[in-house]
Amino acid sequence: MTSDARVNPRRVFVWGLVVLALLFVAVTGLSIVRRVSSAFGGERAPPRLDHEIVVERLREVAKLVATEMTLRDVVIFQQTRLGSTKRVLLVVTGRVSAGINLQRAEVHIDSTKKHIEVTMPPAHIQSVDVLNVTTYDERAGLLNPFTTDDRDEIQRRIRTQLQLAARQSGILEHADQAASKALTDFLARDGYTVEIKRPLELKPPTG
């Protein structure tokens, strides 16, 4: 018995196109997989920080860094006029906040050594909130009564004395230390080291 097995050229051509298409898809898919792998793993380039990124992180830290103290102090106001003395003794409670204006910070980045240097301005008092005022002794003279100006002056003295008490308690030093630690922890990423510096205080010329 004989068989007439002939090869259909059209079928061979079609199958050839199918094989070529499959090879193209396979090569393209492999290329895409390699690119994705390079982007998310494998051949990842070492991270680099630029000035804009560091400044943005400083802004984020500025929202978080603040030092607060709740203080109690005694304020005495006394004034003699026309031989008549008025006097008031107050016990005041206040909350004083101190922080650093990081918008004035100077940033230098050494990408080769992976080192960030931040020159940070000194801390300053940001706000004083008077929480409570208790009057323990108030005496007005017959010819020297308390006036509206006296009350305004007493309020100024209260705020000034709370600021002074906070400074004496080390609020500015504490704010400096807290900001330095926060900046170091926040910027020391991706293998970078951080150095916090203070600006030199300009002394007035002598002579």
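The values are calculated or read from the model by the stated rules, or taken from the named source; none is laboratory data. What you see is a predicted model, and the numbers here were worked out from it, not measured in a lab. Cβ atoms come from the backbone with ideal geometry, glycine included; neighbour counts cover every protein chain shown.
Descriptive notes on the structure:
- Residues being surrounded by 15 or more Cβ atoms within 10 Å (Cβ to Cβ) and among the basic types (Lys, Arg) are entirely absent from region 182-199.
Table: residues versus (1) acidic (Asp, Glu); (2) more than 23 Å from residue 55 (Cα to Cα); (3) modelled with pLDDT of 85 or more.
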| residue | (1), (2), (3) |
| --- | --- |
| 139 | no, yes, yes |
| 166 | no, yes, yes |
| 187 | no, no, no |
| 192 | no, no, no |
| 204 | no, yes, no |
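- Residue tally, condition surrounded by fewer than 18 Cβ atoms within 10 Å (Cβ to Cβ) and outside any strand (DSSP E or B), over region 62-108: 8
- Residue in region 146-158 that is surrounded by 13 or more Cβ atoms within 10 Å (Cβ to Cβ) and not in a helix (DSSP H, G or I) present: yes
- Within region 109-137, considering residues that are part of a strand (DSSP E or B) and surrounded by 15 or more Cβ atoms within 10 Å (Cβ to Cβ), the one farthest from the chain's Cα centre (by Cα): 128
- Residues in region 149-199 that are among the hydrophobic types (A, V, I, L, M, F, W, C) and under 18 Å from the mean Cα position of the chain (by Cα): 12 in all.
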